[in-house]
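Data block below; observations after.
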Amino acid sequence: MTGPGEQESQELWLVRHGETEWSREHKHTSHTDLPLTENGARLARGLRERLGEEAFDMVLTSPLVRARRTAELTGFDDATDDPDLVEWGYGDYEGVTTAEIRRTVPGWSVWTHESPGGESAEEVSRRLDRVVSRVRERSGRTLVFGHGHALRALTARWLEQPVAAGRHFVLDTGTICVLGYERETPVVLRWNSAG
């Protein structure tokens, strides 16, 4: 665990993977292992210069190809796979858009409703709490490559809020976010930045 005064220098950098065919079409993608589109690879390469200017004490990635490839294209081939960083499991809603789901479940949102055959908010919270704990055990900066809903949920847990608070954070593909502290309070330092 970090000691007194060390929290202020502790940061958690988040990178959402580059665009995939399904993210472009707003289809829920958890365990379907899709590659980046050409645009997604371009977005990832565009982050290389910005991330290359920074030093990180730990670099983690979801093992799914879209996150792993984003890590590689930004110069972090040696990122450690962390299965706790995979995307929220959508179950029966895998490959389906929110608009399609709402035809039969009005007002459906991953933040407020169940996903049949998928993960509950409590399950997502438990695994992302493990990531937060690992990061907080170290001092310095951690860089994480992951997915839209999971990174938004991770942000909520960093801020000591329920996973559902992630609905307040829009997160585009190929963007950088930075979490940290103001004194002892966990905060968002930068959000949804292209570089």
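Any idea what % of Cα-Cα pairs in segment 112-195 are farther than 22 Å? Counting pairs separated by more than 22 Å, the tail of P(r) holds 23 percent. When only alpha carbons of segment 151-195 are considered, Rg and Dmax amount to 10.4, 30 Å. Just so you know, the Cα atoms of the chain work out to an Rg and Dmax of 16.1, 52 Å. Between 0 and 90 degrees, rounded to the nearest ten: what's the tilt of helix 148-158 against the longest Cα principal axis of the chain? For helix 148-158, the angle is close to 50 degrees. Taking amide hydrogens as placed 1.01 Å from N in the peptide plane, the amide H of TRP13 sits under 5 Å from those of THR142, LEU143, VAL144, LEU179, each at least 5 positions away in sequence or on another chain.
In terms of its alpha-carbon gyration tensor, segment 1-116 comes out oblate; a/c meets the 1.5 threshold, while b/c is at least as large as a/b. Projecting the Cα atoms of TRP108, PRO162, THR185 onto the charge dipole of the chain (Cβ charges, centred on the Cα centre) puts TRP108 farthest toward the positive pole. Between amide H atoms placed 1.01 Å from N, distances below 5 Å from ASP81 occur with THR61, all of them 5 or more places distant or on a separate chain. Remark: segment 69-80, residue by residue, has Karplus-estimated 3J(HN,Hα) of 5, 4, 4, 5, 5, 8, x, 10, 4, 8, 4, 7 Hz, where x stands for each Gly or Pro and the curve is 6.51 cos²θ - 1.76 cosθ + 1.60 at θ = phi - 60°. Working note: Karplus 6.51/-1.76/1.60 with θ = phi - 60° gives segment 113-128 the couplings 10, 6, 10, x, x, x, 7, 8, 4, 5, 5, 4, 4, 4, 6, 6 Hz, where Gly and Pro are set to x.
Under a Gaussian network description of the chain, with springs only between Cα atoms under 10 Å, the residue in GLU49, GLU19, GLU87 that fluctuates furthest is GLU49. With the cut-off at 1.5 for a/c, could you classify segment 53-153 from its C-alpha gyration tensor as rounded, prolate or oblate? Prolate, because a/c is 1.5 or more and a/b exceeds b/c.
The mean sequence separation of alpha-carbon pairs under 8 Å and at least six residues apart, normalised by the residue count of segment 1-127, gives a relative contact order of 25 percent.
Show that you can apply the helix-only estimate: for the chain, add -39,500 (n - 2.57) for every DSSP H stretch of four or more residues, divide by all residues, and state [θ] at 222 nm to the nearest 500.
Values: 6 runs with 59 residues, N = 195.
Computed ellipticity for the chain at 222 nm equals -9000 deg cm²/dmol.
Treating the Cα atoms of segment 32-92 as identical point scatterers in vacuum, please give the log10 of the normalised Debye intensity I(q)/I(0) at q = 0.14, 0.24 Å⁻¹, two decimals. These q points yield log10 I(q)/I(0) values of -0.41, -1.04. Relative to the longest principal Cα axis of the chain, at what angle does helix 38-52 sit, 0 to 90 degrees, rounded to 10? Between the helix axis and the principal axis of the chain, the angle is about 10 degrees.
In terms of other Cβ atoms within 10 Å, VAL188, VAL124 run from fewest to most in the order VAL188, VAL124.
Just so you know, all these numbers are worked out from the coordinates, no wet-lab data involved. All values derive from a computational prediction rather than experimental measurement. Reconstructed Cβ throughout: ideal geometry from the backbone, glycine too, with neighbour counts over all protein chains shown.
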